[in-house]
1. Looking at ALA92, ALA98, ALA82, can you tell me which residue is within 14 Å of ligand 1 (Cβ to nearest atom) and at pLDDT 90 or above?
2. Identify, please: which residue in the stretch 123-182 is of a type in the set (Phe, Trp, Tyr) and within 30 Å of THR207 (Cα to Cα) and is, among those, farthest from the chain's Cα centre (by Cα)?
3. Can you name the condition, by its number, that PHE201 falls short on among (1) hydrophobic (A, V, I, L, M, F, W, C); (2) open to solvent by 40 Å² or more (accessible area, probe 1.4 Å); (3) in contact (Cβ under 8 Å) with a residue 40 or more places away in the chain?
4. In the list GLU233, GLU277, which residue meets the criterion of being within 16 Å of ligand 2 (Cβ to nearest atom) and at pLDDT below 95?
5. Is it fair to say GLU171 is touching a residue at least 24 places away in the same chain (Cβ under 8 Å) and on the phi < 0 side of the Ramachandran plot?
6. May I ask you to verify whether ARG247 is farther than 16 Å from VAL177 by Cβ, touching a residue at least 24 places away in the same chain (Cβ under 8 Å) and open to solvent by 40 Å² or more (accessible area, probe 1.4 Å)?
7. I need the helices (runs of 4 or more DSSP H) fully contained in the stretch 239-328, keeping only those with at least 3 residues that are over 24 Å from ALA5 (Cα atoms).
8. With PHE183, PHE203 as the choices, which residue is closer than 20 Å to VAL9 by Cβ and out of contact with any strand residue (DSSP E or B) (no Cβ under 8 Å at 6 or more places or on another chain)?
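The values are calculated or read from the model by the stated rules, or taken from the named source; none is laboratory data. Because the structure is predicted, anything quoted here is derived from the model rather than measured. Every residue, glycine as well, gets a Cβ built from its backbone with ideal geometry; the counts of neighbours run over all protein chains shown. Protein only, heavy atoms only, side chains kept; ligands, DNA and RNA dropped before computing areas. Shrake-Rupley method; radii C 1.70, N 1.55, O 1.52, S 1.80 Å.
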Amino acid sequence: MKTKAAVEVGKGNTKTIASDENGAIKKFMFPSAVRLEAHGALSSFRASHEANHHELFPIIDGTPFCVSTRPNQKIPDHKRSAPNDDFQASKAHDALLASALHVTGLRRVDVLVVGAPIETYQKHASRLKTLVGTLDFGLGRMIEVARTLVLPQTFGSLLAAKNEHVLERDEHVNHCVIDPGYFSTDILTTKGLRIDDARSFGFAFGTAAVYQKIADMLSAELRMPVSDLDRIEYSLRSSAAYWVHGRNINLRPYLDKVEPHIEALVIDIYGRLGGTEDISSILLTGGGSALYERAVRKVFHSSRVTLMPDPIHANARGYLIAGQAAAL
Ligand SMILES: Nc1ncnc2c1ncn2[C@@H]1O[C@H](COP(=O)(O)OP(=O)(O)OP(=O)(O)O)[C@@H](O)[C@H]1O
Ligand SMILES: [Mg+2]
């Protein structure tokens, strides 16, 4: 059986689904946090130390990076790329993609499927397609990639939703898929079985902007700097206690205070769609779905709103479906 790797290098998290020679499927996710690797006195000790076995050191065009493949951890010193960076064309992006391919354990990938954000699809798809051949990222194992497909990120969720019968496949039904991510929110609208270009777009506002606003409020109240967004994110998602400057703070009321900002973005989305009379359903997908749900249900109150199951992996699930079709 042909091997496939579906990789979504998001600006918040890198999501991967791999299918091996036997058709066995494995899922992986790690934060899209990269730092340049310095050759310090303890580099070789660190690389061999038990606690660091989740760290990878890919080399991209001669530049060594450090990527931690352990999910949901706070990694000081690791930076997520800022929204205006040309992320899909950056070395940091390639370091994450290299790490994602490495963790699959595959030596040969018959079909690799990756995504590019809707806003920059034209710009980045052609470069991403050239990621074929024998790829050596300095991770001790070369990977042979026979073919690479590039999909608009949110299109992955649409494919997965149809395949998983979350959305009808009917050609008379138009869908709008909203994909809130860490630094951006992508919107993809269909017209029958085609993509409606004019109503598919991206916004440079994601969950990080929500956490930033909470951090700013806390900082103003405590009169102390609050900059660690990951700890705010983790506490909100898992309902874990949030400690900052020695105080235990309940973040729920702060989430209510930022709700109008989320709503304002969703109203902008509604405006750019130019009405929803021909849209049968709104599909919420992506890791930020839960954070946006309340605002989406309120603003799109006359539409059916569906939540994608396991939304954070949904784009990658769709890429795998596209990869399976291409491998036939
Ligand atoms: N298990 C999880 N681990 C980490 N983040 C999670 C998890 N489940 C949900 N999330 C949420 O996912 C959000 C990020 O969404 P997602 O991973 O889809 O963004 P992204 O695709 O990387 O970013 P972008 O679309 O801007 O490039 C975070 O705000 C976080 O709250
Ligand atoms: Mg995303």
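1. Details: ALA98 fails: within 14 Å of ligand 1 (Cβ to nearest atom); ALA82 fails: at pLDDT 90 or above.
On inspection, the qualifying residue turns out to be ALA92.
2. Quick first cut of the stretch 123-182, residues of a type in the set (Phe, Trp, Tyr) only: 137, 155, 182.
In the following step, the residues that additionally are within 30 Å of THR207 (Cα to Cα) were identified as 155, 182.
Numbers: PHE155: 13, TYR182: 7 Å.
That would be PHE155.
3. (2)
4. On the way: GLU277 fails: within 16 Å of ligand 2 (Cβ to nearest atom).
Of the residues listed, the single one that is within 16 Å of ligand 2 (Cβ to nearest atom) and at pLDDT below 95 is GLU233.
5. On the way: touching a residue at least 24 places away in the same chain (Cβ under 8 Å): no; on the phi < 0 side of the Ramachandran plot: yes.
Answer is no for this residue.
6. Yes, satisfied.
7. Because the criterion is at least 3 residues that are over 24 Å from ALA5 (Cα atoms), the helices (runs of 4 or more DSSP H) in the stretch 239-328 that meet it are 252-273, 289-299.
8. So the residue among PHE183, PHE203 that is closer than 20 Å to VAL9 by Cβ and out of contact with any strand residue (DSSP E or B) (no Cβ under 8 Å at 6 or more places or on another chain) is PHE183.
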